[in-house]
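Working notes, beginning with the structure itself.
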Amino acid sequence: MSKINKLSELRRALPLAAAALLLVAIAVPMWRITLEAPQYPDGLFVELYAYPRLEGDVAETQALNHYVGFYYPDPVYLDPNYDVHPNAIAVPEWSIGPLAFVAVAAAGVFVALAPTVRKLKLGLTAQLAGTIAVFVTMFALIQYRLYQAGHALDPNAPMRGIDGFTPPLLGSYEIANISGLAWFGPGGYLALVAIALLVAAYAFRDSAATVGDAPTLVVTRLERARTWIRNRRDRNDEPRPTAAGDIDPDPDAEVSRDD
C-alpha cells in the first residue's frame, strides 16, 4: 500500500486532522469571559489567547477589575498587549502556551507516519494518553493561577473588604456587584474537537477503514446504537416475574387435595 493510501486510513488521517485543528486553535481566542456590572448594563467581554494577548473590551474590563483589586497576570517573558500592574501575579507559563499545542500537533504527525501497524497502535495509545495529560495539566494550572489571582486582591483597591475568591475556568461567578461567565472561545472548541478526533483514531486503531468508509461506519454505528437502545427499552418493558411468595394459592387446588 502506498503512503498516500495509508494516510487515508482513519487511524492515520484523524491525528493529522487533529494536528491541523490544534495549530489553528493557537491563532484564535481560547477563552472568553463576559462581565456584567451596574456601570456597564450592556455587558463587557474579553477573549484570551494561548499566548499573552487579550481582545475585546480590554480597557473597560481592566478598569472594572482594578475596582476590586484583581489584575490580569504578568506573563514575564513576553510583553502582552495590555498594561501589567505591579501587583499582578506572575504567570510565566502563559508565554510558552503555544508550545504545548505545537508539541501535541507534532506528535500527531509523527504517529500518522508510523512505518508499521504495531508502531502506529503504540503511537495512538501514547498520544491519546499524553494529550489528555497535557490538557488536564494545563487546565489545573490555569485554575490554580486563577485561585492565586483571586486571593491576591489589592488591599488598596477602591472597593475594600472583599474576601478572596476563585474565578472558575469554566462557569459563572460573582464578586461584589460584578458577575462574570467564563467559557470556551473558538480555540477551546477546536481543541475539544481535536481531542475527540484522537479518541476516534484510537478507537479505529485495529481497523484499516479509510476516510471514504467513514459515512458507512457512522451509519452502522448509529444503527447499532439504536438497536441497543431499543433492546434496552423492550427489556425494561417486559413484566417482571412475581416472587414465589407473592403467588396467591389456587383455592381449587386446595379443595382437590382435601378430596
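Taking the range 30-49 as the region of interest, how many residues are open to solvent by 80 Å² or more (accessible area, probe 1.4 Å) and touching a Pro at 6+ places or on another chain (Cβ under 8 Å)?
0
Taking the range 81-90, which residues are farther than 21 Å from Ala176 by Cα and open to solvent by 60 Å² or more (accessible area, probe 1.4 Å)?
The answer is Asn81, Asp83, Pro86.
Given Ala63, Ala59, Ala20, which one is in a helix (DSSP H, G or I), out of contact with any helix residue (DSSP H, G or I) (no Cβ under 6 Å at 6 or more places or on another chain) and closer than 30 Å to Val218 by Cβ?
Ala20
Anything in the range 136-158 that is of a type in the set (Val, Ile, Thr) and crowded, with 17+ Cβ neighbours inside 10 Å? List them, or say none.
Ile142, the sole residue that qualifies.
Between a residue in the range 4-27 that is under 12 Å from Leu124 (Cβ atoms) and any residue that is aromatic (Phe, Trp, Tyr) and surrounded by fewer than 23 Cβ atoms within 10 Å (Cβ to Cβ), which pairs come within a Cβ distance under 7 Å, given they are 6 or more apart or on different chains?
Pairs found: Leu10/Phe204; Arg11/Phe204.
So is Pro52 assigned to a loop (DSSP other than H, G, I, E, B), within 30 Å of Asn156 (Cβ to Cβ) and either touching a His at 6+ places or on another chain (Cβ under 7 Å) or open to solvent by less than 40 Å² (accessible area, probe 1.4 Å) (or both) or not?
The answer is yes for Pro52.
Kindly indicate whether Glu93 is in a helix (DSSP H, G or I) and either under 21 Å from the mean Cα position of the chain (by Cα) or farther than 26 Å from Pro186 by Cβ (or both).
yes
Which residues, taken from the range 122-135, are over 21 Å from Pro75 (Cα atoms) and either out of contact with any helix residue (DSSP H, G or I) (no Cβ under 9 Å at 6 or more places or on another chain) or surrounded by 13 or more Cβ atoms within 10 Å (Cβ to Cβ) (or both)?
Once the filter is applied, which keeps residues that are over 21 Å from Pro75 (Cα atoms) and either out of contact with any helix residue (DSSP H, G or I) (no Cβ under 9 Å at 6 or more places or on another chain) or surrounded by 13 or more Cβ atoms within 10 Å (Cβ to Cβ) (or both), the range 122-135 yields Leu122, Gly123, Leu124, Thr125, Gln127, Leu128, Ala129, Gly130, Thr131, Ile132, Ala133.
Can you tell which of Leu99, Leu64, Leu78 is more than 19 Å from the chain's Cα centre (by Cα) and open to solvent by 70 Å² or more (accessible area, probe 1.4 Å)?
Being more than 19 Å from the chain's Cα centre (by Cα) and open to solvent by 70 Å² or more (accessible area, probe 1.4 Å) holds for just one of Leu99, Leu64, Leu78, which is Leu78.
The values are calculated or read from the model by the stated rules, or taken from the named source; none is laboratory data. In this text the structure is predicted, and so the values were computed from the model without any measurement. Methodologically, a virtual Cβ is constructed for each residue, glycine included, from the backbone with ideal geometry; neighbour enumeration extends over all protein chains shown. Please note that ligands, DNA and RNA were not included when accessible areas were found on the heavy atoms of the full protein model with its side chains. Shrake-Rupley method; radii C 1.70, N 1.55, O 1.52, S 1.80 Å.
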